[in-house]
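One structure below.
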Amino acid sequence: MSEAGLSQAVKKMEDAGVSPAAISVFSHYYRVLEGEHTGFIPEETISPLTSVDRLEDYQVEPGQAQAALAKTVMIKLNGGLGTSMGMDKAKSLLPVRAGLTFLDIICQQVMAARKEFGVSLPLIFMNSFRTQADTLAALQNHPGIEVSGLPLDFLQNQEPKLRADDLTPVSWEKDPSLEWCPPGHGDIYTALYGSGLLDKLIDAGYRYAMTSNSDNLGATPNAQIAGWFAASGAPYAAELCIRTINDRKGGHLAIRKVDGQLILRDTAQTPPEQMDYFTDEHRHPFFHTNNLWFDLVKLRDTLIERNAVLGLPLIANHKTVDPADSQSPAVIQMETAMGAAIASFKGATALLVPRSRFLPVKTTNELTLVRSDIYDLGDNYHLHKVNDQEVAVDLDSRYFKKIADFEARFPAGVPSLRKAQSFKVSGPYTFGKDVKVQGQVHLETAEEQQVAAGTILAG
């Protein structure tokens, strides 16, 4: 049964023009899927990572920093549609500051770094087949962002969704596009290699890549980190931040006992009975930001050696073929995580960076913070936090989770949070212009309520 399913899937991918490298990787994971695997990394098999290099301890000579950045390319993961917030296009096209989108700010950050350091610093997006057209159209508003001879994007691979009952490629005549899925952002390495872009970058003189999510505006171009990474000689490095009680769900690095290799462990890879270990911010004091650096030449050499298969842990994602139809056939999407590649490179390392390099927007709670006045947008388009106090935002998901609802309830912008400690909203509130939140504020109602313009909410 499984051999027939794999043959059908491979044929479907070949007919769709999927690269041989991607088909090789898919075949590897198909065989992993049909075998017995839990994907768990038990606590007794690892040692906590408790000591790493700190960026603040390194002074990189300016010339070395500039030379390293001159050999660096920035890659932004841009395959997500922001569906959790009710979006149907690339999340990077969502306005976040003064009418500027994630994409607008990223482009300006890169242009500012080019000017400051006198480097070409290519900016390249890894798009999915659902985000490519809108993203490339938006990039037309940024003349000069493209580097001659290099593309502005490359396409994440696609693979067939597999029926959960027999692992054959699913058919869905109502919308054949739903028969396909991206293989997770761990596909970045396969897509770079299979598309020929990895060779093109190396041939053009680039040696390093800095990669991050497009919804993380803290992951800015950084010559000091580039200089540190170049001097380290490491094939791969991950940026880490100090873990707090609010970061218990985030993945962490650990040391595999059997060989001393650095590995990434996420929630899904932790046995349920050992979650107390995973969430202990004192036992595992750093979290993984998904800001990654890798050596392009060493990546290519490794991929060639392994027939494009880095062997990242498989994530078997159980869904329905039509996510909006719970009665549609159950499917499995085979995925991998980009950060898990740290286990594939001997000599991989990590760097502790300031929290300012981790500003992800996965929910409207986080969007509220990034849009608020606790951040200023500098001349170099970096977001600068104006106060040291952490502000907890908790908006009622029934009324604020979807971006259309969020915008309707903050029609004149989000409240001032500069003097706030926490801002919790329970119920259907709509806010006027120039509302200020001070201290700890919790609003609660069962009926529609309007917070008038200029109101000071203090608690």
His252 fails exactly one of (1) open to solvent by 50 Å² or more (accessible area, probe 1.4 Å); (2) in contact with a Leu (Cβ under 8 Å, 6 or more places away or on another chain), namely (1)
Got at least one residue in segment 43-66 being under 30 Å from Ala209 (Cβ atoms) and of a type in the set (Lys, Arg)?
-> yes
Thr131 meets each of (1) at pLDDT below 95; (2) hydroxyl-bearing (Ser, Thr, Tyr); (3) farther than 18 Å from Thr211 by Cβ; (4) buried (at least 18 other Cβ atoms within 10 Å of the Cβ) with one exception, condition (3)
Are any of the residues in segment 137-147 at pLDDT below 95, under 25 Å from Ala404 (Cβ atoms) and in a loop (DSSP other than H, G, I, E, B)? no
Looking only at segment 115-124, decide whether some residue is open to solvent by 20 Å² or more (accessible area, probe 1.4 Å), touching a helix residue (DSSP H, G or I) at 6+ places or on another chain (Cβ under 6 Å) and part of a loop (DSSP other than H, G, I, E, B).
-> no
- Task: May I ask you to verify whether Val353 is touching a helix residue (DSSP H, G or I) at 6+ places or on another chain (Cβ under 7 Å) and either crowded, with 21+ Cβ neighbours inside 10 Å or more than 30 Å from Pro313 (Cβ to Cβ) (or both)?
- Result: yes
When segment 220-234 is checked residue by residue, the ones that are crowded, with 22+ Cβ neighbours inside 10 Å and either part of a strand (DSSP E or B) or touching a helix residue (DSSP H, G or I) at 6+ places or on another chain (Cβ under 6 Å) (or both) are Thr220, Pro221, Ala223, Ala226, Gly227
Listed by range, strands (runs of 3 or more DSSP E) wholly within segment 19-111 having at least 2 residues that are more than 25 Å from Lys401 (Cα to Cα) are 46-48, 72-78
In this structure, does Leu395 turn out to be in contact with a Leu (Cβ under 8 Å, 6 or more places away or on another chain) and either in contact (Cβ under 8 Å) with a residue 24 or more places away in the chain or of a type in the set (A, V, I, L, M) (or both)? no
Of those in segment 138-182 that are of a type in the set (S, T, N, Q) and more than 30 Å from Glu34 (Cα to Cα), the residue most open to solvent (accessible area, probe 1.4 Å) is Gln140
How many residues of segment 295-349 are open to solvent by 30 Å² or more (accessible area, probe 1.4 Å) and out of contact with any strand residue (DSSP E or B) (no Cβ under 7 Å at 6 or more places or on another chain)? The answer is 17
Within segment 277-294, residues assigned to a loop (DSSP other than H, G, I, E, B) and open to solvent by 20 Å² or more (accessible area, probe 1.4 Å) come out as Thr279, Asp280, Glu281, His282, Arg283, Pro285
Among residues of segment 25-70 being surrounded by 11 or more Cβ atoms within 10 Å (Cβ to Cβ) and acidic (Asp, Glu), the residue nearest to Glu3 (Cα to Cα) is Glu34
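The values are calculated or read from the model by the stated rules, or taken from the named source; none is laboratory data. Remember, it's a predicted structure, so these values are computed and weren't measured experimentally. Methodologically, a virtual Cβ is constructed for each residue, glycine included, from the backbone with ideal geometry; neighbour enumeration extends over all protein chains shown. When the accessible area is computed, the model is the full protein with side chains, heavy atoms only, and any ligands, DNA or RNA have been set aside. Shrake-Rupley method; radii C 1.70, N 1.55, O 1.52, S 1.80 Å.
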